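The values are calculated or read from the model by the stated rules, or taken from the named source; none is laboratory data. Keep in mind it's a predicted model, so treat the numbers as computed, not measured. Neighbour counts are summed over all protein chains in view; Cβ atoms, including those assigned to glycine, are modelled from backbone coordinates with ideal geometry. The protein model used for the area step is the full one, side chains on, heavy atoms only, and it has no ligands, DNA or RNA in it. Shrake-Rupley method; radii C 1.70, N 1.55, O 1.52, S 1.80 Å.
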Amino acid sequence: MSVLVFVEGLNGEIKKSSLEAASYGSQVAQQLGTTATAVAIGEVHEEALAKLGEQGITKVLYDADDRLKQFVADAYVKVIAKAAQQESAKVLVFSNSNIGAAVGSKLAVRLNGSLATNVTTLPNTDGGSFIVTRGVFSGKAFADVNLTSDVKIIAVKKNSFEVSENGGATATVEKLSADLADADFAAAPKETVMQDTDGGILLPEAEIVVSGGRGLKGPENWHLVEDLAKALGAATACSKPVSDLDWRPHHEHVGQTGITVSPNLYIAIGISGAIQHLAGVNSSKVIVVINKDPEAPFFKAADYGIVGDAFDVVPKLIEAARALDK
Amino acid sequence: MKILVCISNVPDTTSKINFTGDNKEFDKNGVQFVINPWDEYALTRAIELKEAKGGSVTVLNVGEADAEPNIRKALAIGADDAIRVNAHPKDAFFVAQQIAAVAKENNYDMILMGKESIDYNGFQVHNMVGEMLGIPSVTPAFKLDMVDDSTARLEREIEGGKEVVEVKLPFVASAQQPMSEPRIPNMRGIMTARTKPLAVREPVGAEAKAEYVGFSKPEKKGGVKMIDAENAGELIKLLRNEAKVL
Ligand SMILES: Cc1cc2nc3c(=O)[nH]c(=O)nc-3n(C[C@H](O)[C@H](O)[C@H](O)COP(=O)(O)OP(=O)(O)OC[C@H]3O[C@@H](n4cnc5c(N)ncnc54)[C@H](O)[C@@H]3O)c2cc1C
Ligand SMILES: Cc1cc2nc3c(=O)[nH]c(=O)nc-3n(C[C@H](O)[C@H](O)[C@H](O)COP(=O)(O)OP(=O)(O)OC[C@H]3O[C@@H](n4cnc5c(N)ncnc54)[C@H](O)[C@@H]3O)c2cc1C
């Protein structure tokens with residue numbers, strides 16, 4: 001019996017959310033008195049795989065099939081199922097990403113397992129139970145769920161666990177082959193287009209997010225958001241009307257109908273704080289609100305606030321941020 | 001083209017969330033229920049495809065009778081008929097099994113859902129159904145068009161980019177913005193919805209695999225610390241030295 005963690009790569013490196021999942025997985029393994037194995041697919045450097053030892057992973061299984069460079073759910077599922085079988089894995093850990101949750105859900109069916117997505121705690125295994133806490137009601141509550149099947153599948157909410165570091169430990173890397181057939185690639189993407197982040201940071205992975213709302217008046221003023229983001233090493237986001245008006249692309253829209261983020265720091269500039277917006281950001285650790293209206297509802301959800309005109313306040317913040325020693 | 005749209009009946013986005021019975025059950029008291037917002041994108045896209053290519057749109061809900069007003073609303077928006085699987089769902093696996101059972105009896109060309117329910121935030125039912133039926137599931141998709149009578153072209157979001165996928169019918173997809181512009185039912189729609197068929201069927205035997213044992217709410221924030229706009233730079237120092245997030 002072991003714990004199996006699926007890790008996703010990006011540009012040869014392992015995504016931060018997957019490092020969090022690996023840290024989680026090895027803590028679960030410790031709790032259960034076993035070891036944690038990782039399974040990696042696609043384009044990841046071997047050194048990056050071996051370095052998963054830092055997160056407490058002892059062994060990494062790697063399928064280097066070229067066709068897996070793109071995400072193809074059926075093929076990924078087959079590889080992970082093979083790894084799970086080989087390792088007699090009883091606990092499978094994923095990041096709660098679009099890819100991780102998709103393969104996790106399919107594996108729950110294939111392996112007849114219990115699935116919990118959006119998980120924020122390690123399991124409580126008292127008395128033979130396996131209870132994890134997951135975020136529900138769009139950040140307004142948590143639920144404790146007992147995973148009753150023999151196989152337990154967990155998708156860990158991003159930025160809920162620290163990436164652990166284990167003094168230079170390395171994992172052994174072994175090849176894995178799942179004998180994939182052409183049929184497994186029937187739904188392969190025709191085309192994958194990565195956003196041009198201009199060397200910037202991807203929103204779903206970001207630890208700091210600077211976000212702008214309709215209070216910024218127009219796309220021509222977005223340099224305020226971008227410059228502050230750059231000075232802080234942050235990703236940029238926006239409210240729904242801003243993307244509806246095409247001031248910013250849709251993938252930046254956070255909230256109930258956009259993406260959910262849970263960074264360490266969320267800075268909202270000229271956003272009123274409607275409940276649907278809060279649903280996407282309310283699990284951020286620290287929230288800063290900058291708004292010229294002292295009655296803006298967002299202040300109720302904030303840790304720090306400034307009442308003032310963004311066009312005066314933000315340049316001061318940019319200046320102070322640039323002056324920070326890194 | 002025969003399209004199945006699965007809709008979930010969820011608390012309105014502005015609802016206060018409370019629990020009863022020793023924090024073991026969601027308190028429906030005073031809560032307004034709506035069609036899950038993401039499911040509306042799926043529903044309107046299905047109706048648009050039907051308007052362009054002909055066929056039918058069936059809506060499906062797994063839930064109790066209190067979901068019927070929103071099922072009728074989906075009919076008023078433009079679905080042709082509805083099915084309600086009469087059950088108190090316990091988890092997503094149970095719901096997926098009910099949807100798969102309905103799908104197996106009817107040859108739907110596509111099964112559309114929302115990306116995620118805004119109550120249990122599972123992001124899983126669509127992929128489970130795809131796996132149960134052995135057909136592709138493309139989630140979350142923000143664009144869906146037909147290439148020809150047997151092939152659809154979808155664009156799905158992945159972290160940091162998008163993928164263009166072409167799949168043969170039948171398939172499952174889940175919708176997110178901006179797949180379509182949700183519609184408000186008009187008077188005629190509301191009138192005709194009353195007489196459109198709504199079949200109620202009993203659930204197939206299926207097990208739940210996740211047992212919800214209790215709920216809790218996040219700790220209240222300690223209150224907001226205000227910084228004078230004149231000294232805005234002070235904020236950056238506080239974020240580093242006090243909040244320790246920089
Ligand atoms: C079903 C549904 C789903 C929704 N989903 C989402 C979602 O996912 N995400 C989302 O964001 N919204 C969503 N909304 C919309 C939401 O209700 C709000 O309308 C929206 O969030 C408002 O955006 P905003 O704060 O940018 O704009 P506004 O509400 O117009 O607020 C602008 C703010 O800027 C301030 N301001 C103006 N000028 C300045 C200045 N010079 N300096 C500083 N502050 C200034 C104003 O005081 C105001 O508070 C949804 C709504 C519905 C009904
Ligand atoms: C403890 C508990 C109590 C519950 N009580 C009730 C209740 O009283 N009444 C009730 O109706 N439901 C109830 N549910 C079911 C719940 O509303 C969800 O349908 C189910 O948990 C799946 O949620 P999810 O977040 O995993 O779905 P997701 O995987 O996030 O949903 C993705 C998509 O699947 C489709 N979908 C999801 N659920 C349904 C459904 N039920 N019918 C049709 N399509 C669906 C929608 O298109 C949705 O956008 C309860 C669930 C739990 C765990």
Could you tell me which residue of the range A:116-125 is nearest to the other protein chains (Cβ to nearest Cβ), considering only residues that are in contact with a strand residue (DSSP E or B) (Cβ under 7 Å, 6 or more places away or on another chain) and open to solvent by 20 Å² or more (accessible area, probe 1.4 Å)?
A:N118
Please work out which one of (1) polar (S, T, N, Q); (2) within 12 Å of chain A (Cβ to nearest Cβ); (3) open to solvent by less than 20 Å² (accessible area, probe 1.4 Å) is the condition B:Q98 fails and give its number.
(2)
Which of the residues that make up the range A:302-320 are within 7 Å of chain B (Cβ to nearest Cβ) and either in a helix (DSSP H, G or I) or of a type in the set (D, E, K, R) (or both)?
A:D303, A:D312, A:V313, A:K316, A:L317, A:E319, A:A320
Within the bounds of the range A:266-279, is there any residue that is under 28 Å from A:T120 (Cβ atoms), more than 9 Å from ligand 1 (Cβ to nearest atom) and either in a loop (DSSP other than H, G, I, E, B) or modelled with pLDDT of 95 or more (or both)?
yes
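For the structure I just gave you, tell me whether B:E155 is at the interface with chain A (Cβ under 10 Å from one of its Cβ atoms), in a strand (DSSP E or B) and either touching a strand residue (DSSP E or B) at 6+ places or on another chain (Cβ under 8 Å) or within 8 Å of ligand 2 (Cβ to nearest atom) (or both). So that I can check it myself, show each step before the final result.
On the way: at the interface with chain A (Cβ under 10 Å from one of its Cβ atoms): yes; in a strand (DSSP E or B): yes; either touching a strand residue (DSSP E or B) at 6+ places or on another chain (Cβ under 8 Å) or within 8 Å of ligand 2 (Cβ to nearest atom) (or both): yes.
Criteria met by B:E155.
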Residues satisfying the stated conditions in the range A:228-259, i.e. open to solvent by 20 Å² or more (accessible area, probe 1.4 Å), within 9 Å of ligand 1 (Cβ to nearest atom) and outside any helix (DSSP H, G or I)
A:T257, A:I259
Quick one: B:E116 ticks every box in (1) away from ligand 1 (no atom under 16 Å from the Cβ); (2) open to solvent by 30 Å² or more (accessible area, probe 1.4 Å) bar one, so which box is it?
(1)
Hits in the range A:82-118 - residues which are in contact (Cβ under 8 Å) with a residue 60 or more places away in the chain, within 22 Å of B:V167 (Cβ to Cβ) and out of contact with any Ser or Thr (no Cβ under 9 Å at 6 or more places or on another chain)
A:I99, A:V103
List the strands (runs of 3 or more DSSP E) inside the range A:92-188, counting only whole elements, that have at least 3 residues being out of contact with any Lys or Arg (no Cβ under 8 Å at 6 or more places or on another chain) and small (G, A, S).
none
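Looking for whichever is of a type in the set (V, I, T) and within 13 Å of chain A (Cβ to nearest Cβ) here; the options are B:V59, B:V31. Which one fits?
B:V31
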Filtered residue count, the range A:277-319, keeping only those that are buried (at least 18 other Cβ atoms within 10 Å of the Cβ) and within 18 Å of B:P218 (Cα to Cα)
15
Which of the residues spanning the range B:167-188 are more than 16 Å from ligand 1 (Cβ to nearest atom) and surrounded by fewer than 16 Cβ atoms within 10 Å (Cβ to Cβ)?
B:K168, B:N186, B:M187, B:R188
Those residues that are in a strand (DSSP E or B), within 16 Å of ligand 1 (Cβ to nearest atom) and more than 13 Å from every other protein chain (Cβ to nearest Cβ), I need them from the range B:1-11; list them, please.
B:N9
Of the residues B:T20, B:T44, B:T14, only one is open to solvent by 50 Å² or more (accessible area, probe 1.4 Å) and within 16 Å of ligand 1 (Cβ to nearest atom); which?
B:T14
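Conditions (1) open to solvent by less than 40 Å² (accessible area, probe 1.4 Å); (2) over 30 Å from B:S117 (Cα atoms), marked per residue:
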position: A:T133; (1), (2): yes, no
position: A:F137; (1), (2): yes, no
position: A:F142; (1), (2): no, no
position: A:K152; (1), (2): yes, no
position: A:K158; (1), (2): yes, no
position: A:E162; (1), (2): no, no
position: A:G168; (1), (2): no, yes
position: A:V173; (1), (2): no, yes
position: A:L176; (1), (2): yes, yes
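Please verify whether the range A:282-301 includes one or more residues that are within 16 Å of ligand 2 (Cβ to nearest atom) and farther than 22 Å from A:P219 by Cβ. So that I can check it myself, show each step before the final result.
From the range A:282-301, those within 16 Å of ligand 2 (Cβ to nearest atom) are none; that's our starting set.
There is no residue in the range A:282-301 that is within 16 Å of ligand 2 (Cβ to nearest atom) and farther than 22 Å from A:P219 by Cβ.
Residues are listed down the side, and each one gets a yes or a no for (1) closer than 15 Å to B:V5 by Cα; (2) more than 14 Å from ligand 2 (Cβ to nearest atom); (3) among the aliphatic types (A, V, I, L, M); (4) open to solvent by 50 Å² or more (accessible area, probe 1.4 Å):
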| residue | (1), (2), (3), (4) |
| --- | --- |
| B:G63 | yes, no, no, no |
| B:D66 | no, no, no, yes |
| B:A76 | yes, yes, yes, no |
| B:A79 | yes, no, yes, no |
| B:V125 | yes, no, yes, no |
For the range B:115-152, what are the residues that are assigned to a strand (DSSP E or B), more than 15 Å from the chain's Cα centre (by Cα) and among the aliphatic types (A, V, I, L, M)?
B:L144, B:M146, B:V147, B:A152
Mind checking which residues of the range A:262-276 are of a type in the set (G, A, S), open to solvent by 20 Å² or more (accessible area, probe 1.4 Å) and free of Cβ contacts under 8 Å to residues at least 40 places away in the same chain?
A:A274
